[in-house]
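Taking it in order: structure first as structure tokens, then the write-up.
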Amino acid sequence: MRHHTPPRALNSFASWMNSAARKTKMVIRKKIFLYILLLLSLGYLFHLKCLIYFPYVPNATSWRAPIVWEGAYDSEEENRFHQEQRTVVGLSVFAVHKYLDSYLADFLVSANIYFMPNLSCVFYILTDRPDDVPDIKLRPGVSKVILQVPKRGRWQDISMLRMRDLLELVLPRAVEKVDYLFCMDVDQIFTSNYGPEALGELVAQLHSSFYRSNKEYFTYERDPRSAAYIPPGKGHFYYHAAVFGGTPSRLFNLTSSCLKGILRDKENNIEAVWHDESHLNRYFALEKLPQKVLSPEYCWDNLLWLKFHKLVWARKHYSKLRV
């Protein structure tokens, strides 16, 4: 006896098969879409990483100042030249309030190892608490000078008025002792040799947050009332105030100009958007172009993909440290 499948059952089975086939196709299409999206994402990330890991940037500015990247110089030749010249390099660092406790020891220990390791150096430590400066054993050829600065209530004033401290406390001493001087923030750590390839008459540091940005995104001071004002269309790069340097005579001009602008703004109850950094950028944009520019390798924010780095930002605790 033959068993016949009822037509209704056949229709239900066919519908189920069609539904299953549609679901399978949808799953396959979704997987294909996800694979394509993943490949595109990986391709974009690889492309982005290549751009940053091996940055496509010029090795010189439009005014022919070198932009210093690892591999763009002969470190042995640089060291040999400055050793023959008996070059002495100064390094000034501000460590006030809780910044001294949080950062100074790591900064000094790492600087003692990596900052101009083959040259004689003088470390100028500016602090409102001289007795609390850690006693770090320094390598031969390195000395330190501890200078007391006034206590200031606002972190903005601490930042801006360091131009006065450099001008009045450091530079009068440095001019007789060092050939070049670097001025740095304390919340940084040296990670590899920061050598004489960075030396120049006037040295600026590319800000790692802006070095691949268009000029329109630079956070220049745009209020015409401020002495730090940079008109639209002016300027070439955005520079970081955490690192700048040069010869004492060049830095005398820089700090004098920045301090003059800062004090003028204070008289007019104006505060530039990024304080002393805004005035520094105005100086480099409108008064004196830097003669050497350092890549983000010399002040790395720990966010970029970089093959090399020489100085990195320490972890920031602004909510606890800034007053």
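Bear in mind that the values in this text are calculations on the coordinates, not laboratory data. Remember, it's a predicted structure, so these values are computed and weren't measured experimentally. Reconstructed Cβ throughout: ideal geometry from the backbone, glycine too, with neighbour counts over all protein chains shown.
Structure summary
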| quantity | calculated |
| --- | --- |
| Among 122-131, 182-191, the order from most to least packed when residues are scored by Cβ within 10 Å on average | 182-191, 122-131 |
| Net +/- balance of residues flanking Lys31 in space, Cβ distance below 13 Å, scoring K and R +1, D and E -1 | +4 |
| Two-site FRET efficiency, Ser249 against Glu77, from Cβ-Cβ distance with R₀ of 22 Å, rounded to 0.05 | 0.30 |
| Entries in Lys98/Lys144; Lys98/Lys260; Lys260/Lys288; Lys234/Lys288 that, when Cα-Cα distance is taken, lie over 19 Å | Lys98/Lys144; Lys98/Lys260 |
| For the stretch 238-243, Karplus couplings with θ = phi - 60° (6.51, -1.76, 1.60), whole Hz, Gly/Pro x | 9, 9, 9, 7, 5, 8 |
| Whole-Hz ³J(HN,Hα) from phi, Karplus 6.51 cos²θ - 1.76 cosθ + 1.60, for the stretch 189-197, glycine and proline x | 9, 6, 10, 7, 4, 9, x, x, 4 |
| Charge sum, other residues only, whose C-beta stays under 11 Å from Pro231's C-beta, Lys/Arg counted +1 and Asp/Glu -1 | +2 |
